[in-house]
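Worksheet for the structure shown next.
The values are calculated or read from the model by the stated rules, or taken from the named source; none is laboratory data. This structure is a prediction, so every number in the text was calculated from the model and none was measured. When we count neighbours, we look across all protein chains shown, and the Cβ atoms used for this are built from the backbone with ideal geometry, even at glycine. Quick note on the areas: whole protein, heavy atoms, side chains included, nothing else; ligands and nucleic acids left out. Shrake-Rupley method; radii C 1.70, N 1.55, O 1.52, S 1.80 Å.
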Amino acid sequence: VGDSTAIVLLHSEVATTPQPAGSTPTCMLAYFACVPAFTLPDGRVGHVLRSESAVSDLIRDRVAELARVAIAEKGCFSLSIGSGTTVEPLASLAGALDWSCVHLFFGNERTEGEAAGKCWAGAEELIATCGVGHVHRVPAGPAADAAEAYSRTLLDSPAVGTSLYPGSAQVVVSPGCDRACLEAEGKGGVTLSIDAISSARTVLLSAAKPEQAAMVRKCLGWSNAERNTGMPAGMVTCAHGAQVEWLLTDASAVELPAL
């Protein structure tokens with residue numbers, strides 16, 4: 001997944017946790033192309049928007065732009081999505097680009113129990129409305145088996161997108177994990193490893209909710225953030241050449257010092 005852009009949706013559960021190469025390189029959900037609000041000494045940059053709706057608008061517009069460029073240059077565009085929050089802004093792009101050339105992947109998914117196929121179900125309207133040409137579903141079944149099988153699929157895709165789970169195998173095995181996809185412990189499904197996320201060319205971490213303000217402050221302000229498995233977003237760094245971008249709102253950035 002090296003020549004790619006990644007988006008990571010940070011759920012509120014992360015905010016409340018206490019401290020403890022693909023064949024068709026394209027981009028995934030959104031590289032925020034504007035002057036950053038701040039740049040940290042380690043190279044991570046942050047952008048602060050006014051509202052969550054502005055974040056959604058940015059995701060939508062940037063996906064359209066990146067998709068058009070990729071389709072014009074390579075004839076296809078690979079896009080990886082997670083939960084409904086990352087999917088909703090894209091539905092309005094029906095007719096705005098050639099969706100028959102889009103390869104759709106799932107960066108995290110439930111594979112067991114009543115919630116199996118949850119992310120797939122959340123994307124069905126998008127798939128039908130936009131006419132997505134190529135959909136790559138996560139196989140149902142035991143999460144460990146599904147993770148192993150989907151790792152092979154993702155290694156052929158340059159696009160990554162997922163959620164982060166503090167203290168889980170997703171984060172404690174990094175650095176040095178040789179798997180793109182892992183079992184999401186306690187979730188009955190699969191998710192991407194931190195190493196897979198960090199291998200992208202550009203990583204966009206989206207944390208727009210007010211209740212994520214403490215998590216944002218700790219991930220961007222604590223000196224040991226890259227080793228803190230209780231705050232996995234802080235473990236995504238520029239150490240391997242990734243350009244790491246944080247997409248925030250006024251409300252989620254309120255606890256940041258003057259950076």
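The table below lists the values:
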read-out: Anchor Lys209: lysines whose Cα lies under 22 Å away (excluding residues fewer than 8 positions away in-chain); value: Lys218
read-out: Full-stretch length increase - His134, Thr39 - with 0.36 nm per residue and alpha-carbon distance subtracted; value: 30.4 nm
read-out: Rounded FRET efficiency, nearest 0.05, which uses the C-beta distance separating Ala91 from Ala214 and R0 of 30 Å; value: 0.40
read-out: Reach of Lys74 by Cα under 29 Å, taken over lysines that are not fewer than 8 positions away in the same chain; value: none
read-out: Label-point separation, Val254 to Ala54 (7 Å along Cα→Cβ), nm; value: 1.5
read-out: Computed E for Glu114/Arg152 - FRET, C-beta separation, R0 25 angstrom, nearest 0.05; value: 0.40
read-out: Surface accessible to a 1.4 Å probe, per residue, for the residues of the range 197-259, Å²; value: 37
